[in-house]
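Enquirer: This structure is in structure tokens; I'll ask about it shortly.
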Amino acid sequence: MTPLVVSIVAAVASVVLLVVVLELIRSRRLRERYALLWLATGVVLLVLSAWRSGLNTIAGWVGVTGYPPAVLFAVATLFILLVLLDYSTVISKLSDQNTVLAQRLALLEQQLRERR
Amino acid sequence: MAELVETVPRTVDPRLAGVKRIAIVPAFNEQETIVRVIDEIRGFDPELEIVVVDDGSRDRTAVVAEQHGAHVVRLPFNLGIGGAVQTGFRYAFDEGFRLAVRLDGDGQHDASQLGRLLEPVLAGEADIAVGSRFLDVGATDWSGYRSSRPRRLGITILAYTVSLLVGRRVTDPTSGFQALNRHAIGLFAADYPHDIPEVEAVLLLHKHRLRMVEVPVLMRERGGGRSSIGAVFAVYYMVKVLLALFVGLFRKNVTPLEDTK
């Protein structure tokens, strides 16, 4: 069984994550689009840390017999990987768009110079 | 008979005389329908200027629209409907338009109903009028297109949530068929939601105390092209919008653009 202190600390950490993400959206520093995965991370971790018997059961399914909280780490890692992958695609799109913007701007400047 | 129709003077509302007005038409790959949309707008009011915001189309939308005499703003890549429409509002504000209407480039909004939409704005009763497919007018021949069944369920959920938040019944919060005065143009030019913006915009209007009214309209099925919303995206979008609505309640207002006088 997961030690009670581990459950409490994990639950508190999840709540802090959720609050920070929501505040970032509210203050317009984070768009909803990019917050959804973080919120999902926070909610799943909160559920897994508060629902202690559930965590035990899941640990049993995946063959973690010694130390159930290891499942918490595994799930957290999985979500962080998902967020990183998502951000990689976002960065790729941004670089493509940045190229287009630079080209358009350079062409516009060139047109302006020739008209002067 | 055709002659007779042509000699009937166009009945443009006299209150529109001398008012600088514009139709904002966001379009993404709408080369099949954009000409008809432009013609219909001219048919309603030949002095209504038209700006087509081409949201990074890969077809000939921009070329076709320009050939038909519309102002065309070409975005260098697809921004999504929110970014595209806001470009139109910025254009309208910068160019000093007092009145704007917004219709989609896919032909689902019928320009002949613009008069109905403009009425409350011209009468000074509203800053923005939104065409609703779901307002009951008690007429039996009233059978416009009301979207597919699953989509209607989504709209119902959003309508219920928005109504709760703004404390007033809103029946069609996803409608992009709108008429706006300069206050509303200035607000949306300064602050407009991303992606699919209309639902969040209702809350935005409420927070800025602008007066919004819904007007019953008939809509058509889109004339061509594809809807910007697929099934998976629809679910994601619902979650995103609900989140944005609740967080939006606690957001600080952005200062709307205003005329310096």
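The values are calculated or read from the model by the stated rules, or taken from the named source; none is laboratory data. The shown structure was predicted, so the numbers you read here are calculated from the model rather than taken from an experiment. Glycine also receives a Cβ, built like all others from the backbone with ideal geometry; neighbour counts cover every protein chain displayed.
Enquirer: How many residues are without any contact (Cβ under 8 Å) to a residue 12 or more places away in the chain, within 11 Å of chain A (Cβ to nearest Cβ) and surrounded by fewer than 16 Cβ atoms within 10 Å (Cβ to Cβ) when one looks only at segment B:247-261?
Expert: Number satisfying all stated conditions: 2.
Enquirer: Read through the list (1) surrounded by 10 or more Cβ atoms within 10 Å (Cβ to Cβ); (2) out of contact with any Leu (no Cβ under 6 Å at 6 or more places or on another chain), then give the number of the only condition that A:Thr65 fails.
Expert: Of the numbered conditions (1) surrounded by 10 or more Cβ atoms within 10 Å (Cβ to Cβ); (2) out of contact with any Leu (no Cβ under 6 Å at 6 or more places or on another chain), the odd one out for A:Thr65 is (1).
Enquirer: Within segment A:10-50, track down each residue that is β-branched (Val, Ile, Thr) and within 12 Å of A:Leu72 (Cα to Cα).
Expert: Taking segment A:10-50 as the starting set, the residues that turn out to be β-branched (Val, Ile, Thr) are A:12, A:15-16, A:19-21, A:25, A:41, A:43-44, A:47.
Listed by number, the residues that qualify are A:Thr41, A:Val44, A:Val47.
Enquirer: Also: What do you reckon, is A:Val5 within 30 Å of B:Phe250 (Cβ to Cβ) and more than 14 Å from chain B (Cβ to nearest Cβ)? Quick ask: steps written out before the conclusion?
Expert: Values: within 30 Å of B:Phe250 (Cβ to Cβ): no; more than 14 Å from chain B (Cβ to nearest Cβ): yes.
No, not satisfied.
Enquirer: If the requirement is being at pLDDT 95 or above and not β-branched (Val, Ile, Thr), which of these qualifies: B:Arg182, B:Arg133?
Expert: B:Arg182
Here is a yes/no grid of residues against (1) of a type outside the set (A, V, I, L, M); (2) farther than 27 Å from B:Ser112 by Cβ; (3) under 16 Å from the mean Cα position of the chain (by Cα):
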{"residue": "B:Ser147", "(1), (2), (3)": "yes, no, no"}
{"residue": "B:Arg152", "(1), (2), (3)": "yes, no, no"}
{"residue": "B:Ile155", "(1), (2), (3)": "no, no, no"}
{"residue": "B:Leu165", "(1), (2), (3)": "no, yes, no"}
{"residue": "B:Ser175", "(1), (2), (3)": "yes, no, yes"}
{"residue": "B:Gln178", "(1), (2), (3)": "yes, no, yes"}
{"residue": "B:Leu187", "(1), (2), (3)": "no, yes, yes"}
{"residue": "B:Asp191", "(1), (2), (3)": "yes, yes, yes"}
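Enquirer: Of all residues being outside any helix (DSSP H, G or I) and free of Cβ contacts under 8 Å to residues at least 40 places away in the same chain in segment B:161-192, which is surrounded by the fewest Cβ atoms within 10 Å (Cβ to Cβ)? Just the residue, please. First the steps, then the outcome.
Expert: As a first pass, look at segment B:161-192 and keep what is outside any helix (DSSP H, G or I): B:167-181, B:191-192.
When the remaining residues are screened for being free of Cβ contacts under 8 Å to residues at least 40 places away in the same chain, the result is B:167-169, B:173-174.
Working: B:Gly167: 7, B:Arg168: 13, B:Arg169: 11, B:Pro173: 24, B:Thr174: 21.
Of everything passing the filter in segment B:161-192, B:Gly167 is surrounded by the fewest Cβ atoms within 10 Å (Cβ to Cβ).
Enquirer: Being away from chain A (no Cβ under 14 Å), of a type outside the set (Gly, Ala, Ser), outside any helix (DSSP H, G or I) and in contact (Cβ under 8 Å) with a residue 40 or more places away in the chain is the filter here; which residues of segment B:61-86 pass it?
Expert: none
Enquirer: Test A:Glu32 against the criterion of being modelled with pLDDT under 95 and acidic (Asp, Glu), and give yes or no. Spell out how you get there, then give the answer.
Expert: On the way: modelled with pLDDT under 95: yes; acidic (Asp, Glu): yes.
Against the criterion (modelled with pLDDT under 95 and acidic (Asp, Glu)), A:Glu32 qualifies.
Each row is one residue, and each column tells you yes or no for (1) out of contact with any Ser or Thr (no Cβ under 8 Å at 6 or more places or on another chain); (2) more than 17 Å from B:Gln108 (Cβ to Cβ); (3) surrounded by 14 or more Cβ atoms within 10 Å (Cβ to Cβ).
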site	(1), (2), (3)
B:Val12	yes, yes, yes
B:Ala17	yes, yes, no
B:Ala27	no, no, yes
B:Gln31	no, no, yes
B:Glu49	yes, yes, yes
B:Asp55	yes, no, yes
B:Val64	yes, yes, yes
B:His71	yes, yes, yes
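Enquirer: Checking the conditions here, which among B:Phe89, B:Phe93, B:Phe97 is assigned to a loop (DSSP other than H, G, I, E, B) and at pLDDT 95 or above?
Expert: On the way: B:Phe89 fails: assigned to a loop (DSSP other than H, G, I, E, B); B:Phe93 fails: assigned to a loop (DSSP other than H, G, I, E, B).
After applying the criteria, what remains is B:Phe97.
Enquirer: Moving on. Go through segment B:34-47 and give me each residue that's touching a residue at least 60 places away in the same chain (Cβ under 8 Å) and surrounded by fewer than 22 Cβ atoms within 10 Å (Cβ to Cβ). Walk me through how you get there before you give the answer.
Expert: Here is the first cut: in segment B:34-47, the ones touching a residue at least 60 places away in the same chain (Cβ under 8 Å) are B:34, B:36-37, B:40-41, B:43-45.
Matches in segment B:34-47: B:Arg36, B:Glu40, B:Gly43, B:Phe44, B:Asp45.
Enquirer: Determine whether A:Ser27 is hydroxyl-bearing (Ser, Thr, Tyr), out of contact with any Phe, Trp or Tyr (no Cβ under 7 Å at 6 or more places or on another chain) and either within 22 Å of A:Leu81 (Cα to Cα) or surrounded by 14 or more Cβ atoms within 10 Å (Cβ to Cβ) (or both). So that I can check it myself, show each step before the final result.
Expert: Numbers: hydroxyl-bearing (Ser, Thr, Tyr): yes; out of contact with any Phe, Trp or Tyr (no Cβ under 7 Å at 6 or more places or on another chain): yes; either within 22 Å of A:Leu81 (Cα to Cα) or surrounded by 14 or more Cβ atoms within 10 Å (Cβ to Cβ) (or both): no.
No: the conditions fail for A:Ser27.
Enquirer: Would you mind telling me which numbered condition in (1) over 17 Å from B:Glu32 (Cβ atoms); (2) assigned to a helix (DSSP H, G or I) B:Gly131 fails?
Expert: B:Gly131 satisfies every listed condition except (2).
Enquirer: Against the conditions (1) surrounded by 15 or more Cβ atoms within 10 Å (Cβ to Cβ); (2) more than 17 Å from the chain's Cα centre (by Cα); (3) among the polar types (S, T, N, Q); (4) within 30 Å of B:His194 (Cα to Cα), where does A:Thr41 fall short? Just the number, please.
Expert: Tallying (1) surrounded by 15 or more Cβ atoms within 10 Å (Cβ to Cβ); (2) more than 17 Å from the chain's Cα centre (by Cα); (3) among the polar types (S, T, N, Q); (4) within 30 Å of B:His194 (Cα to Cα), A:Thr41 fails exactly one: (2).
Enquirer: Scanning for something of a type in the set (Phe, Trp, Tyr), more than 30 Å from B:Asp191 (Cβ to Cβ) and out of contact with any helix residue (DSSP H, G or I) (no Cβ under 6 Å at 6 or more places or on another chain), does segment A:31-54 turn up at least one residue? Talk me through it step by step, then tell me what you get.
Expert: Taking segment A:31-54 as the starting set, the residues that turn out to be of a type in the set (Phe, Trp, Tyr) are A:34, A:38, A:51.
Pick out the ones that are also more than 30 Å from B:Asp191 (Cβ to Cβ) and you get A:51.
From what is left, the residues that are out of contact with any helix residue (DSSP H, G or I) (no Cβ under 6 Å at 6 or more places or on another chain) are A:51.
Looking through segment A:31-54, at least one residue is of a type in the set (Phe, Trp, Tyr), more than 30 Å from B:Asp191 (Cβ to Cβ) and out of contact with any helix residue (DSSP H, G or I) (no Cβ under 6 Å at 6 or more places or on another chain).
Enquirer: Starting from segment B:107-118, keep only residues that are more than 13 Å from B:Pro216 (Cβ to Cβ), then list their pairs with residues that are of a type in the set (Lys, Arg) and at pLDDT below 95 whose Cβ atoms are within a distance under 7 Å, requiring at least 6 positions of separation or different chains.
Expert: B:Gly107/B:Arg220; B:Gly107/B:Arg222; B:Gln108/B:Arg220; B:Gln108/B:Arg222
Enquirer: Could you identify the single residue in B:Ser57, B:Ser112 that is of a type in the set (Gly, Ala, Ser), over 12 Å from the mean Cα position of the chain (by Cα) and at pLDDT below 95? Explain how you work it out, then say what you get.
Expert: On the way: B:Ser57 fails: at pLDDT below 95.
It is B:Ser112.
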